[in-house]
């Protein structure tokens, strides 16, 4: 389980461009990781579009933004193309990073209990330390709230 002021767990994951992203190699930049349940679902699509729309503002504030789910790189590619997303998506097919960040949780929908990703965003400072965590994210206005927090770092 992660917490504010703790070092962010390091990882290397493939992204939609085919290149790997290693968190420790990004020191010197703030990093936003938004964990979402599944590509091409209504909430996940709205969230990814919102982060894409603000991607340049995050860059101007010195932050890199990545979406993370257990979907494959191929599925991420289709999702990116279908919705003209500009935010890079990372594939955590084995779920290791989701578990390290504490977002792989028991969920309950219509009485059915299952394991899945709890929509969560983590802001990591340029020093590699967790600056803020948003659990159980509600999508409307969320990307803007994260951008405000990045600008306040």
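Tell me which residues, restricted to region 82-102, are farther than 19 Å from residue 64 by Cβ and assigned to a loop (DSSP other than H, G, I, E, B).
84, 93, 94, 95, 102
Only one residue in 126, 131 is more than 21 Å from residue 19 (Cα to Cα), surrounded by 14 or more Cβ atoms within 10 Å (Cβ to Cβ) and touching a helix residue (DSSP H, G or I) at 6+ places or on another chain (Cβ under 8 Å), so which one is that?
131
Kindly indicate which of 37, 9 is over 13 Å from the mean Cα position of the chain (by Cα) and in a loop (DSSP other than H, G, I, E, B).
Testing whether each residue is over 13 Å from the mean Cα position of the chain (by Cα) and in a loop (DSSP other than H, G, I, E, B) leaves just 9.
Filter region 66-82 for residues that are touching a residue at least 60 places away in the same chain (Cβ under 8 Å) and either crowded, with 22+ Cβ neighbours inside 10 Å or within 15 Å of the chain's Cα centre (by Cα) (or both) and give the result.
76, 80
Which condition breaks for residue 49 when tested against (1) crowded, with 16+ Cβ neighbours inside 10 Å; (2) in contact with a strand residue (DSSP E or B) (Cβ under 9 Å, 6 or more places away or on another chain); (3) within 21 Å of residue 140 (Cβ to Cβ)?
The failed condition is (2).
Does residue 85 qualify as being surrounded by 14 or more Cβ atoms within 10 Å (Cβ to Cβ), touching a residue at least 12 places away in the same chain (Cβ under 8 Å) and either farther than 21 Å from residue 138 by Cα or within 13 Å of the chain's Cα centre (by Cα) (or both)? Quick ask: steps written out before the conclusion?
Working: surrounded by 14 or more Cβ atoms within 10 Å (Cβ to Cβ): yes; touching a residue at least 12 places away in the same chain (Cβ under 8 Å): yes; either farther than 21 Å from residue 138 by Cα or within 13 Å of the chain's Cα centre (by Cα) (or both): no.
Judged against the criteria, residue 85 is not a match.
Every residue in region 141-153 that is over 22 Å from residue 104 (Cα atoms) and either in contact with a helix residue (DSSP H, G or I) (Cβ under 8 Å, 6 or more places away or on another chain) or part of a helix (DSSP H, G or I) (or both), please.
Matches in region 141-153: 144, 145, 147, 148, 149, 150, 151, 152.
Could you look through region 61-81, keep only residues that are touching a helix residue (DSSP H, G or I) at 6+ places or on another chain (Cβ under 9 Å) and in a helix (DSSP H, G or I), and pick out the one that is nearest to residue 25 (Cα to Cα)?
Within region 61-81, the match that is nearest to residue 25 (Cα to Cα) is 80.
Every number here is computed from the coordinates shown, using simple stated rules; none is lab data. Just so it is clear, the structure is predicted and the values come from calculations on it, not from any experiment. Ideal geometry is used to build each Cβ from the backbone, glycine not excepted, and the neighbour counts take in all protein chains shown.
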